[in-house]
Amino acid sequence: MKFQEKETFGEQLELMNNLSKRFFSRAHQVDIDGSFPFENIQDLKDTGYTSLTVPKKYGGIEISLYDMLRFQEKIAEGDGATALSIGWHMGIIKNLSEKNSWNESIFKKICGDVLNGSLINSAATEPRTGSPTRGGRPETTAHKEGNQWIIKGRKTFTTMAPVLDYFIVSATLTDTKLVGNFLIPRSAKGILIEETWDSIALRGTGSHDLILQNVSVPEEYFVEQIGIDGKKASGWLLHIPACYLGIAKAAKKYAIEFALEYSPNSVEGTIIDLPNVRQKIGEMELKLIESEYFLHAVAKQWDESEEQSRARMGPTLGAAKLTVTNNAITVVDLAMRLVGARSLSLKNPLQRFYRDVRAGLHNPPMDDMTIQLLANTAIQNIGK
């Protein structure tokens, strides 16, 4: 069954819930092996999920940001690595559609390929520049030879590298020192994936290094110059906190199920009735309610706003990411405190949730940058 065949959002969400359970059954082995969840990604392609953000004018459904985040949360309840991986693809297509920043013929072609199962992600981070949100200039270079661009460099954290069909690569133009994005098909000669991903968190994202050895692409594949426009408010990045919210929900669910079943001989019945256990469950629920209301309200605001209003949403988007991600970390910690030392067993999913949810601190925007942005906004708005 495909998402496109479901008549209501509720039916689509139930389909995703079923997929999520399947992902959960595979998550432990993927984590232990440090492998890539090929089956999960194929399931998402087979059910049509990976094309849901394609614009209607190109044959897609063009789902809202709110709907996308709800689906992403549900994926993350099953497997955080799968959710974060596919979230980049889903969000990039949505972002390109909203900002209309690429040549239409190129974007139309990409959308057609996505409808047929192709996957895309950015490759922007480099060993010496760190996160591109910090302003580092790419050491990856591009220069023109006739009607071709020749691109050379190395990118790190190329999430979903094992299955990507297209890479959006940032590079410095050697003649002007401007920075641009280049669309590079996986079929291009000179592409090498070096399997460097050894993180203890989100081990299944396949975020390996992309090596570009004098890769040649047509001049029209220089898809955009990036600079000031690259700092525009980007609602699609809310797929990041949605992932960690989903992981936190999975942690709460596990902790409650454990409390309902665990019956040490020091108590009558199970520990679910102990005041200290209920305290932790209540605290988890409070954090999750706060996160849901914040994240979902911001997503709906984005969906209902026009371009000018969206441009002013940067501080709010950053605040949502910071709040939801840190709340998620707190929820997983509370779940582990409730379960106790058993939560540290390699067989226990809570230890995986704990490692995975910590990764959110290192996804953009970083907490310190968000706090500075909020401070600047508050100061600028004083008296208004």
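A short reminder: the numbers here are calculations on the coordinates, not readings from a lab. Since we're looking at a predicted model, the values are computed, not measured. Here the Cβ is made from the backbone with ideal geometry for all residues, glycine too, and neighbour counts use every protein chain on show.
Annotations
- Segment 305-336 versus segment 235-286: alpha-carbon centroid distance in Å: 21
- Rounded to whole Hz, the Karplus (6.51, -1.76, 1.60) HN-Hα couplings of segment 269-283, x for glycine and proline: x, 10, 6, 4, 8, 6, x, 5, 5, 5, 4, 5, 5, x, 5
- Dipole axis of segment 233-380 (+1 Lys, Arg; -1 Asp, Glu on Cβ), positive-most option in 242, 344, 269: 344
- A simple rule links phi to the HN-Hα coupling: the Karplus curve 6.51 cos²θ - 1.76 cosθ + 1.60 with θ = phi - 60°, which for segment 101-116 gives 9, 9, 4, 4, 5, 5, 5, 4, 5, 4, 4, x, 5, 5, 4, 9 Hz, with x for Gly and Pro.
- For residue 152, the lysines whose Cα comes closer than 30 Å to its Cα, not counting residues fewer than 8 places off in the same chain, are 94, 99, 108, 109, 144, 177, 189, 231, 232.
- Relative contact order (%) - segment 225-313, alpha-carbon pairs under 8 angstrom, separation at least six: 36
- Evaluated over segment 233-380, the count of Lys pairs having alpha-carbon atoms less than 23 Å apart is 17 (only pairs 8 or more residues apart or interchain).
- When the charge dipole of segment 32-107 is built from unit charges on Cβ atoms (+1 for Lys and Arg, -1 for Asp and Glu) and taken about the Cα centre, the candidate among 88, 37, 58 whose Cα reaches farthest toward its positive end is 58.
- Per residue convex hull volume, Cα atoms of segment 52-161, in Å³: 136
- Taking the average, over residues, of other Cβ atoms within 10 Å as the packing measure, peptides 62-69, 183-190 rank 62-69, 183-190 from highest down.
- R0 of 25 Å, Cβ-Cβ distance residue 369-residue 219: FRET efficiency to nearest 0.05: 0.10
- Student exercise, the chain dipole from Lys, Arg, Asp, Glu Cβ charges, in Debye to nearest 20: 560
- Cα-projected label distance for residue 377 with residue 103, points at 7 Å along beta-carbon direction, nm: 3.6
- Computed from backbone phi with θ = phi - 60° and the Karplus coefficients 6.51, -1.76 and 1.60, the 3J(HN,Hα) list for segment 243-254 is 4, 6, 5, x, 4, 4, 4, 5, 5, 4, 4, 4 Hz; x is used for glycine and proline.
- Length-normalised contact order of the chain in % [C-alpha pairs under 8 Å, at least 6 apart]: 16
- Label-point separation in nm, residue 308 to residue 274, each point 7 Å along Cα→Cβ: 5.9
- Euclidean distance between Cα centres, segment 36-69 to segment 173-219, Å: 23
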